[in-house]
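Student: Before I ask anything, here is the structure I am working with.
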């Protein structure tokens, strides 16, 4: 059985290699350490280890996958931060999210876009009040 210090050291090692610790890792490191170690072995092999795809490319794919699944925005943002730390540009991350339009539609894309906007501090442009007034005057009920 792992000691409290070994659990903290393990979690810190995960943050140092991944760039984050998710809620399940923080809970399971304390309550089911052996399961967490086995789950991490799979994550290490699939996501962290460069095989044919490098980690930056995997993060971009994972961002698109999380967007398609409508994962919580905080989770998408974690992977955006990691991808950009690994050298992905804001534009590359946005392009990965834009691909979700094809499989998931604009609602799914909008979910990922919101996470991206918050992660990179992107702001939009607001239309003028006059444009809305023009619409209303053209479509006013008689």
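The values are calculated or read from the model by the stated rules, or taken from the named source; none is laboratory data. It should be emphasised that the depicted structure is a prediction, and the values quoted were computed from it without experimental measurement. No Cβ is skipped: glycine too gets one built from the backbone with ideal geometry, and neighbour counts run over all protein chains shown.
Student: State which residue pairs qualify: first residue in the same structural domain as residue 98 (by TED's automatic domain parsing) and at positive phi and inside region 58-76, second residue buried (at least 19 other Cβ atoms within 10 Å of the Cβ) and assigned to a helix (DSSP H, G or I) in any location, beta carbons under 6 Å apart, and separation of 6 or more residues or different chains.
Tutor: Listed by first residue and then by second, the contacts come to 70/111.
Student: To continue, here is another question. Starting from region 38-57, take each residue that is closer than 19 Å to residue 85 by Cα and list its partners that are outside any helix (DSSP H, G or I), counting only C-beta distances under 6 angstrom and pairs at least six apart or across chains.
Tutor: Filtered contacts from region 38-57: 55/86; 56/86; 56/87; 56/88.
Student: Then there's this: Identify, from the list 131, 122, 115, the residue that is in a helix (DSSP H, G or I) and closer than 24 Å to residue 20 by Cα. Step through it out loud before you land on a result.
Tutor: Values: 131 fails: closer than 24 Å to residue 20 by Cα; 122 fails: in a helix (DSSP H, G or I).
None of the others qualify; the one that does is 115.
Student: Do we find a residue being buried (at least 16 other Cβ atoms within 10 Å of the Cβ), in the same structural domain as residue 95 (by TED's automatic domain parsing) and without any contact (Cβ under 8 Å) to a residue 24 or more places away in the chain anywhere in region 26-33?
Tutor: no
Student: Of everything in region 15-24, what is touching a helix residue (DSSP H, G or I) at 6+ places or on another chain (Cβ under 6 Å) and in contact (Cβ under 8 Å) with a residue 12 or more places away in the chain? Give them in sequence order. Break it down stepwise before answering.
Tutor: Narrowing region 15-24 to residues touching a helix residue (DSSP H, G or I) at 6+ places or on another chain (Cβ under 6 Å): 19-21.
Correct list: 19, 20.
Student: Got a number for residues in region 37-54 being surrounded by 17 or more Cβ atoms within 10 Å (Cβ to Cβ) and at pLDDT 95 or above? Give the steps one after another, and end with the answer.
Tutor: First pass over region 37-54, keeping only residues surrounded by 17 or more Cβ atoms within 10 Å (Cβ to Cβ): 40.
This time we only want the ones that are at pLDDT 95 or above, so: none.
Going through region 37-54 one residue at a time, the tally reaches 0.
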